[in-house]
Amino acid sequence: MQAGRLFFYKLLTDYLRVKSMYKRKINIIICGCAAGLALIVGVAATGCAKAEYSLPQEAPAETAAAETETAGSGAAEAETAGSAEAGAVSLTRADIKYLNVEAPSAASADGVITAAEWEAVYPEIAVSMGNNAENEYHVSYLEESPYLVNIYEGYGFAKDYESARGHSYTLDDVAATARPHPTANCLTCKTPNFTKLVNDQGVGAYTMDFNEVHAQMQETVSCYNCHANEAGNGGQLVVTHSYVHEALGDNVDTFDPSIMVCGQCHIEYYFVPETKEAMMPYSSLETMGPEAVYAYYQNIGFSDWTQESTGAQMLKVQHPEFETYMNGKHAKFLKCADCHMPIEQSESGTVYHSHKLQSPLENETLLETCAACHGDTDMVEFVHGIQDEITARETEVGTKLSDFKDKLAEANQSGSKSEDELNEIRSIYREAQWYFDYCYVENSEGAHNSQLSRDCLDRSEELIESGMAYFA
């Protein structure tokens, strides 16, 4: 029963995460190749123990072995997924035959083995991964939420802020954005080739010319991002980004590798001013909440930009799916891969984890499993209800934040407030924008952790009201 609950809880988050994808922020919800590739290993719902993370970090050999050994256990059996074919026999991880084969030779000069080169070993997985290109949905957040242009004034996101189309389009989308991107640090998490470049050459790669480096990149998010070149070794998981190890140190071992391979990219991060190195602003689970991360930035005196009209030192949150999820109840039962990559069977009989990232809200088999915890609840309606609530609150609080910004800008330009008063108001504005943005840019619209989303918006609104009191 406990194993069954674990699986159904995991599908719950499936839903929760996906609605975001279903709705307006489709990109990050799909925890992507990281999740998908991770599933070659067949990570058990109860976690793949702890990986020994060295650089490049590899999940320990026992992880892959344990996956196979425990495939018939209660936890693994709990991770049952229906076949893609209606009425087909249910499949479990026990049906997957994990491979230990010699890796193919890499044709690229940097040594990255591509998905095309792995296709001979994992044909079904390679094809399903390629099917992610079918997702071309995107929306302009600036058109959807016009107040963002005012809030982000003076920063690149006020010029261009669109949803990403997913892993298949990372290189195209980063090159096409109207946001300034002079250096190669903007390629972080967009391609395994840049990850390998950083690992080979060090942080100096971040300050290289964007266009020159982009022209050398050969593949979008792919096998290497989550496995390095170890996909043939039982589907071994590898956290490939050096900044994860630098930020977390030994604490990296406290995170399930099947989550961490996704979390290494789907996170809040900043670029170190001196080196442009990508960096995580925390060192443990206990220090990754919005309050703790804000305190981190305060302590190091960091800001993303100075807003000219207000004089405020501003922060731009990225996409804290990992942090939001890990601080919620679903992280106790669910893994990224559990929610977006169903177990399928090919016509030839091969059972595998599909690497076409899917929304559980659009997968009847996954939806039905939620009934174990939610009974006859209409999960599509339920999750949409959460997201509609959070989206409405974002609009409400975002509009108030924009009005607060206008009041501050007017005072800053008119001289009606002393510099000490302005600094007090600027500090409130900076923090209010932080909490608003932390919710807005997290791509699940409350599905990952509805309470944290509500808390962030409530805190932002409280700060806005305290700041507006200066103008009463």
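The values are calculated or read from the model by the stated rules, or taken from the named source; none is laboratory data. Worth saying up front: this structure is predicted, and the values here are computed from it rather than measured. Because the Cβ atoms are built from the backbone with ideal geometry, glycine has one as well, and the counts that use them run over all protein chains shown.
Counting only helices (runs of 4 or more DSSP H) that sit wholly inside the range 115-188, those with at least 1 residues that are charged (D, E, K, R) and within 30 Å of residue 406 (Cβ to Cβ) are 141-144. When the residues of the range 155-171 are narrowed to those that are within 19 Å of residue 224 (Cα to Cα) and not hydroxyl-bearing (Ser, Thr, Tyr), which ends up surrounded by the fewest Cβ atoms within 10 Å (Cβ to Cβ)? Result: 171. Note on the range 155-197: residues that are touching a residue at least 60 places away in the same chain (Cβ under 8 Å) and under 25 Å from residue 134 (Cα atoms) total 9. Among the residues of the range 302-333 satisfying the criterion of being small (Gly, Ala, Ser) and over 20 Å from the mean Cα position of the chain (by Cα), which is surrounded by the most Cβ atoms within 10 Å (Cβ to Cβ)? Checked the range 302-333; the qualifying residue surrounded by the most Cβ atoms within 10 Å (Cβ to Cβ) is 312. Residues that are modelled with pLDDT of 80 or more, within 26 Å of the chain's Cα centre (by Cα), among the hydroxyl-bearing types (Ser, Thr, Tyr) and under 18 Å from residue 442 (Cα atoms) do occur in the range 370-392.
Can residue 347 be described as without any contact (Cβ under 8 Å) to a residue 12 or more places away in the chain, of a type in the set (Asp, Glu) and out of contact with any Pro (no Cβ under 7 Å at 6 or more places or on another chain)?
Here the answer is yes, as residue 347 does meet what is asked.
Taking helices (runs of 4 or more DSSP H) that do not extend beyond the range 230-328, which have at least 1 residues that are in contact (Cβ under 8 Å) with a residue 60 or more places away in the chain and more than 30 Å from residue 423 (Cα to Cα)?
Hits in the range 230-328: 242-248, 257-263, 321-326.
Could you please find all residues in the range 136-156 being over 30 Å from residue 309 (Cα atoms) and out of contact with any helix residue (DSSP H, G or I) (no Cβ under 7 Å at 6 or more places or on another chain)? If the condition is that a residue be over 30 Å from residue 309 (Cα atoms) and out of contact with any helix residue (DSSP H, G or I) (no Cβ under 7 Å at 6 or more places or on another chain), then 136, 138 are the ones that fit.
Hydrophobic (A, V, I, L, M, F, W, C), at pLDDT below 95, under 21 Å from the mean Cα position of the chain (by Cα) and surrounded by 23 or more Cβ atoms within 10 Å (Cβ to Cβ): does that describe residue 187? Here the answer is no, as residue 187 does not meet what is asked. Among the residues of the range 190-212, just one is surrounded by 21 or more Cβ atoms within 10 Å (Cβ to Cβ) and in contact with a strand residue (DSSP E or B) (Cβ under 8 Å, 6 or more places away or on another chain), namely 206. Screening residue 403 with (1) surrounded by fewer than 18 Cβ atoms within 10 Å (Cβ to Cβ); (2) more than 30 Å from residue 471 (Cβ to Cβ); (3) out of contact with any helix residue (DSSP H, G or I) (no Cβ under 6 Å at 6 or more places or on another chain) gives one miss only, at (2).
Residue pairs whose Cβ atoms lie under 9 Å apart, sitting 6 or more positions apart in sequence or on different chains, and linking a residue in the range 139-150 that is in contact (Cβ under 8 Å) with a residue 40 or more places away in the chain and surrounded by fewer than 17 Cβ atoms within 10 Å (Cβ to Cβ) to a partner that is among the β-branched types (Val, Ile, Thr) and assigned to a helix (DSSP H, G or I), are 139/26.
Just one of the listed residues (394, 389) is touching a residue at least 40 places away in the same chain (Cβ under 8 Å) and either in contact with a Cys (Cβ under 9 Å, 6 or more places away or on another chain) or on the phi > 0 side of the Ramachandran plot (or both), namely 394.
The helices (runs of 4 or more DSSP H) located wholly in the range 332-423 that include 1 or more residues which are more than 30 Å from residue 434 (Cα to Cα) and hydroxyl-bearing (Ser, Thr, Tyr) occupy 364-369. Quick one: in the range 207-227, which of the residues that are part of a loop (DSSP other than H, G, I, E, B) and touching a Lys or Arg at 6+ places or on another chain (Cβ under 9 Å) is farthest from residue 97 (Cα to Cα)? The extreme case among them is 217. The set of residues in the range 420-442 that are among the aliphatic types (A, V, I, L, M), over 15 Å from residue 151 (Cβ atoms) and surrounded by 23 or more Cβ atoms within 10 Å (Cβ to Cβ) contains only 425.
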